[in-house]
Amino acid sequence: MSLPAPLSPPPMPDSPEAVTELLGRTGYLSDTGLSTVTYLALSLQRPLLLEGEPGTGKTALAEALAQTLDIPLVRLQCYEGIDATQALYDWDFTRQILHLRAVEASGTGTDADDLERSLFDERFLLARPILRVLQESPAVLLVDEIDRADDEFEAFLLEVLSTNQVTIPELGTITADVPPIVVLTSNRTRELHDALKRRCLYHWIEHPGLAREVQILRARLPAVDEQLAQQVAAVVFELRRSAGMQKPPGVAESLDWARALHQLGARTVDLETAAATIGAICKYREDIERVRATLDVLLTT
């Protein structure tokens, strides 16, 4: 069974440079390597697997793609213990029971087979992210933190990505008329299987350099003073280079810190304000204590 869907995909960028330009309109600044692999994933209709430290912009890329192509974003957040039912579909048992009671209360004789078929009608189907993206395609499917799922779920996902279809025993096979754009992210808490990696185009996203991080802050937060953006980027850059932090801040934390400082009316980062807002970039008590002890040095580098 193939559900109604648009018959043609949205216009795709025709070069890596076009990808960079389109993503830039959303405030996402992509480098040459990332733009190239994204262009190839779009043009070859291959899933894109992004690995890197938390906060480097993996999830944001999928969001930017959906925005720039003007198509829905369907997110599947992975976690330990997730299974196919939670990713694919479920039946609305409450509504099925109400339907059954309504049929019984009506007093009309109903064949058992007909009653069973009516219970497993599409109106009682609860579409989870993977089924939704097949129904709504063209769309972007974001499989976030696939490394948190187990081997069985990874194998199930590989099968779906290979065919762009799923079979529901009571209804039949549902196929996407237009293959979804699939972006998988991993923080590399475990190694993914080779079979899944072979199915995907792969890219490792590094933390940006100092100059690029300033560009990102200025693009995403144009209201933030340029000097403030430069100071935030410089401090975060030095924190990533220093050893011993349990969680070095990512771009997401840089943006949060710049927003917080701007909200407080700061045009530059002073020691008192930095100490008061350090929770925007440090997420562990030990990191906060270590950074506060060196803030005076960081702010003068």
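The values are calculated or read from the model by the stated rules, or taken from the named source; none is laboratory data. What you see is a predicted model; the values in this text were computed from it and never measured. Reconstructed Cβ throughout: ideal geometry from the backbone, glycine too, with neighbour counts over all protein chains shown.
Only residues that are surrounded by 19 or more Cβ atoms within 10 Å (Cβ to Cβ) and either in a loop (DSSP other than H, G, I, E, B) or in contact with a Pro (Cβ under 9 Å, 6 or more places away or on another chain) (or both) were counted across the range 55-70, and they come to 5.
If the condition is being surrounded by fewer than 20 Cβ atoms within 10 Å (Cβ to Cβ) and touching a Phe, Trp or Tyr at 6+ places or on another chain (Cβ under 7 Å), then the range 203-223 contributes only LEU210.
Conditions tested, residue by residue: (1) touching a Gly at 6+ places or on another chain (Cβ under 8 Å); (2) in contact (Cβ under 8 Å) with a residue 40 or more places away in the chain; (3) exposed (fewer than 13 other Cβ atoms within 10 Å of the Cβ); (4) within 18 Å of LEU295 (Cα to Cα).
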residue	(1), (2), (3), (4)
ASP225	no, yes, no, no
VAL235	no, yes, no, yes
PRO248	no, yes, no, yes
VAL251	yes, yes, no, no
ALA260	no, no, no, yes
LEU271	no, no, no, yes
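Does the range 30-48 contain any residue that is loosely packed, with under 14 Cβ neighbours inside 10 Å and without any contact (Cβ under 8 Å) to a residue 24 or more places away in the chain? The answer is yes; a qualifying residue exists.
Assigned by TED's automatic domain parsing to the domain that holds LEU40 and among the small types (Gly, Ala, Ser): is that true of SER186 in this structure? So SER186 fits the description; yes.
Quick check on GLU286: is it in a helix (DSSP H, G or I) and out of contact with any Gly (no Cβ under 9 Å at 6 or more places or on another chain)? Here the answer is no, as GLU286 does not meet what is asked.
Somewhere in the range 221-236, is a residue charged (D, E, K, R) and assigned by TED's automatic domain parsing to the domain that holds ILE288? Give the derivation first.
Applying the first criterion (charged (D, E, K, R)) to the range 221-236 yields 225-226.
So of that shortlist, the ones also assigned by TED's automatic domain parsing to the domain that holds ILE288 come out as 225-226.
Within the range 221-236, one or more residues are charged (D, E, K, R) and assigned by TED's automatic domain parsing to the domain that holds ILE288.
Of note, GLN77 satisfies the criterion of being surrounded by fewer than 17 Cβ atoms within 10 Å (Cβ to Cβ) and within 9 Å of the chain's Cα centre (by Cα). Among the criteria (1) over 23 Å from LEU217 (Cα atoms); (2) assigned by TED's automatic domain parsing to the domain that holds LEU157; (3) assigned to a helix (DSSP H, G or I), the one GLU104 does not fulfil is (2). Considering (1) small (Gly, Ala, Ser); (2) out of contact with any Asp or Glu (no Cβ under 8 Å at 6 or more places or on another chain); (3) at negative phi, the lone condition that ALA233 does not fulfil carries the number (2).
Looking only at the range 44-67, which residues are polar (S, T, N, Q) and over 15 Å from the mean Cα position of the chain (by Cα)?
Correct list: GLN45 only.
Just to confirm my filter: which strands (runs of 3 or more DSSP E) fall fully inside the range 161-242 and include at least 2 residues that are out of contact with any helix residue (DSSP H, G or I) (no Cβ under 7 Å at 6 or more places or on another chain)?
Ranges flagged: 165-168, 172-175, 201-205.
When the range 71-94 is examined, which residues are found to be touching a helix residue (DSSP H, G or I) at 6+ places or on another chain (Cβ under 7 Å) and part of a loop (DSSP other than H, G, I, E, B)? Matches in the range 71-94: PRO72, CYS78, TYR79, GLU80, ILE82, ASP83, LEU88, ASP92. Taken as a whole, the condition of being surrounded by 14 or more Cβ atoms within 10 Å (Cβ to Cβ) and without any contact (Cβ under 8 Å) to a residue 40 or more places away in the chain applies to ARG292. Restricting the range 148-171 to residues that are in contact (Cβ under 8 Å) with a residue 60 or more places away in the chain and of a type in the set (D, E, K, R) leaves a set whose member that is surrounded by the fewest Cβ atoms within 10 Å (Cβ to Cβ) is GLU152.
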